[in-house]
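Single-structure report; data block below.
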Amino acid sequence: MSTVSYYTAEGLKKLKEELEQLKSIERPKASQDIADARDKGDLSENAEYDAAKEAQGLLELKIKKMEEVYSNARLIDESQLDVSKALVLSHVKIKNQTNGMELSYHLVAESEADLKNGKISVTSPIGKGLLGKSVGEIAEIQVPNGTLKFEILEISRD
């Protein structure tokens with residue numbers, strides 16, 4: 001059973017480009033690698049041929065999975081999102097109630113999460129805890145170390 005994944009326009013474009021790269025560049029290269037290995041002689045003792053066939057099989061599996069993800073991808077309509085609450089695509093500034101540290105996160109779909117760039121998934125513990133909260137509310141988030149309390153300082157969308 002396939003699951004629907006939600007993407008921003010940028011994330012969906014990136015997914016499509018990666019899929020096209022695999023189909024138009026990597027697939028012909030894999031076929032050429034097999035042909036080159038086949039030309040080297042007896043296939044029963046040709047490890048290079050076996051490796052090329054295995055690499056092609058893995059590539060085809062990856063393409064199939066990406067096609068399935070792409071076919072179940074849905075574009076998020078930002079105009080339909082409530083700007084007063086923390087939702088997917090929100091930029092949320094929070095303050096840790098324990099140590100006073102302020103953090104900013106961009107809430108994104110799981111497939112677009114990138115912690116280094118401040119993008120956290122709405123399915124992560126912190127992302128889930130922030131969803132639906134408004135400015136001034138306290139989000140109590142259960143993490144492996146216990147419970148964290150964050151005050152929502154600011155919500156924006158840009």
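Looking only at the range 66-85, filter to residues that are assigned to a loop (DSSP other than H, G, I, E, B) and charged (D, E, K, R); which one of those is modelled with the lowest pLDDT? Out of the qualifying residues, it is ASP82. The strands (runs of 3 or more DSSP E) located wholly in the range 94-158 that include 2 or more residues which are in contact (Cβ under 8 Å) with a residue 40 or more places away in the chain occupy 102-108, 138-143, 146-156. Can you spot a residue in the range 59-76 that is surrounded by fewer than 16 Cβ atoms within 10 Å (Cβ to Cβ), closer than 30 Å to GLN142 by Cβ, of a type in the set (Lys, Arg) and touching a Ser or Thr at 6+ places or on another chain (Cβ under 8 Å)? Looking for residues that are surrounded by fewer than 16 Cβ atoms within 10 Å (Cβ to Cβ), closer than 30 Å to GLN142 by Cβ, of a type in the set (Lys, Arg) and touching a Ser or Thr at 6+ places or on another chain (Cβ under 8 Å), one finds at least one in the range 59-76, hence yes. A single member of ASP36, ASP50 is touching an Asp or Glu at 6+ places or on another chain (Cβ under 9 Å), part of a helix (DSSP H, G or I), farther than 14 Å from GLU68 by Cα and modelled with pLDDT under 90, and it is ASP36.
Being at pLDDT below 90, over 30 Å from VAL135 (Cα atoms) and exposed (fewer than 13 other Cβ atoms within 10 Å of the Cβ) is true of LEU43.
Tell me, which residue of the range 118-131 that is under 13 Å from the mean Cα position of the chain (by Cα) and of a type outside the set (Ser, Thr, Tyr) is surrounded by the fewest Cβ atoms within 10 Å (Cβ to Cβ)?
Once the filter is applied, the top-ranked residue is LYS119.
Screening ILE63 against (1) under 19 Å from the mean Cα position of the chain (by Cα); (2) farther than 15 Å from TYR7 by Cβ; (3) not in a helix (DSSP H, G or I) leaves a single unmet condition, (3). Residues that are open to solvent by less than 90 Å² (accessible area, probe 1.4 Å), assigned to a strand (DSSP E or B) and hydroxyl-bearing (Ser, Thr, Tyr) occur at least once in the range 5-25.
Applying the condition of being of a type in the set (A, V, I, L, M, F, W, C) and surrounded by fewer than 17 Cβ atoms within 10 Å (Cβ to Cβ) to the range 132-158 and asking which residue is modelled with the lowest pLDDT yields VAL143.
The values are calculated or read from the model by the stated rules, or taken from the named source; none is laboratory data. Because the structure is predicted, anything quoted here is derived from the model rather than measured. Methodologically, a virtual Cβ is constructed for each residue, glycine included, from the backbone with ideal geometry; neighbour enumeration extends over all protein chains shown. Note: areas computed on protein heavy atoms with side chains; ligands, DNA, RNA excluded. Shrake-Rupley method; radii C 1.70, N 1.55, O 1.52, S 1.80 Å.
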